[in-house]
Amino acid sequence: MRKLKIEPEMGFHNQDIDKSISRLVRGQTYKDLSTIWITPTRGSIKPKVVSSWLGLQKPMNQQFFGPLFVENDEVGNAYQKAFEMVLDHSDLSKWKYILTVEEDNLPPSDGLLKLYESITDYDCVGGLYWTKGESGQPMIYGDPGVMPRNFIPQVPRPDTVQHCNGLGMGFNLWKIDMFKKLPRPWFKTVQEAGKAFTQDLWFYNNAGAAGFRFACDTRVKVGHLDVVSGMVW
């Protein structure tokens, strides 16, 4: 094992320059990470959630806009309006990413930085969170290696980037260019005979069929707040 010569005057990150360069390349902070944050809301966000959001780390000297709130609308309509606002904007449509954060989700402080690392080979990546309740299910839907394509919850694999057919939308990073290649509406809540989709699975079903790829970064552990009881699942 190679031993480093300790020379404090040169600085910590210069002690092993190869390791420091590898960290920068993995984090992609030298690339354009311009991001718009979108949050649908009923109009009231708990202090515990706000506190979590205020601690969210963002990359240095990058363009970041938001949160962009869409208030008191059905969730599918809210997401559709917000994404259209971005994609139809002369400037924002040229940015690289959209970050969706839902009003009951508590991401870790380094969560966004980790999503920038893991999105390289995917069109959308999300943190790991669970449906509420003692029988909560992980929002990692469908194994791409199993046909026909389905949205059965996967068992999480700890601390990895787990390929899947779909996710929730509570803490997700999306490549904006994907939406330029898909027909509208991107998000739609469907409740009709023989067919039922929440707005997220409506999107993943259509986008997955078009060849786009999704993953859960299980390193990013996101709390899911029950706003009535105060329990974080």
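The values are calculated or read from the model by the stated rules, or taken from the named source; none is laboratory data. Please read all numbers here as calculations on a predicted model, not as lab measurements. Cβ: placed from backbone, ideal geometry, glycine included. Neighbour counts: every protein chain shown.
Within region 150-205, the set of residues being more than 19 Å from residue 117 (Cβ to Cβ), touching a residue at least 40 places away in the same chain (Cβ under 8 Å), of a type in the set (Phe, Trp, Tyr) and in a strand (DSSP E or B) is empty. Considering only residues in region 102-136 that are among the small types (Gly, Ala, Ser) and free of Cβ contacts under 8 Å to residues at least 60 places away in the same chain, the one that is nearest to residue 68 (Cα to Cα) turns out to be 109.
Screening 174, 202, 186 for residues that are touching a Lys or Arg at 6+ places or on another chain (Cβ under 6 Å) and surrounded by 16 or more Cβ atoms within 10 Å (Cβ to Cβ) leaves exactly one candidate, 202. Annotation: residue 58 fulfils all but one of (1) closer than 30 Å to residue 179 by Cα; (2) at pLDDT 85 or above; (3) charged (D, E, K, R); (4) outside any loop (DSSP other than H, G, I, E, B); the unmet one is (4). Scanning region 7-54 for residues that are surrounded by 13 or more Cβ atoms within 10 Å (Cβ to Cβ), assigned to a loop (DSSP other than H, G, I, E, B) and small (Gly, Ala, Ser) yields one hit, 34.
With respect to the stated conditions, residue 143 fails to be touching a Ser or Thr at 6+ places or on another chain (Cβ under 6 Å) and either acidic (Asp, Glu) or surrounded by fewer than 12 Cβ atoms within 10 Å (Cβ to Cβ) (or both). Considering only region 107-128, I want to know if a residue exists there that is hydroxyl-bearing (Ser, Thr, Tyr), in contact with a Leu (Cβ under 9 Å, 6 or more places away or on another chain) and not in a loop (DSSP other than H, G, I, E, B). Yes: region 107-128 contains one or more residues that are hydroxyl-bearing (Ser, Thr, Tyr), in contact with a Leu (Cβ under 9 Å, 6 or more places away or on another chain) and not in a loop (DSSP other than H, G, I, E, B).
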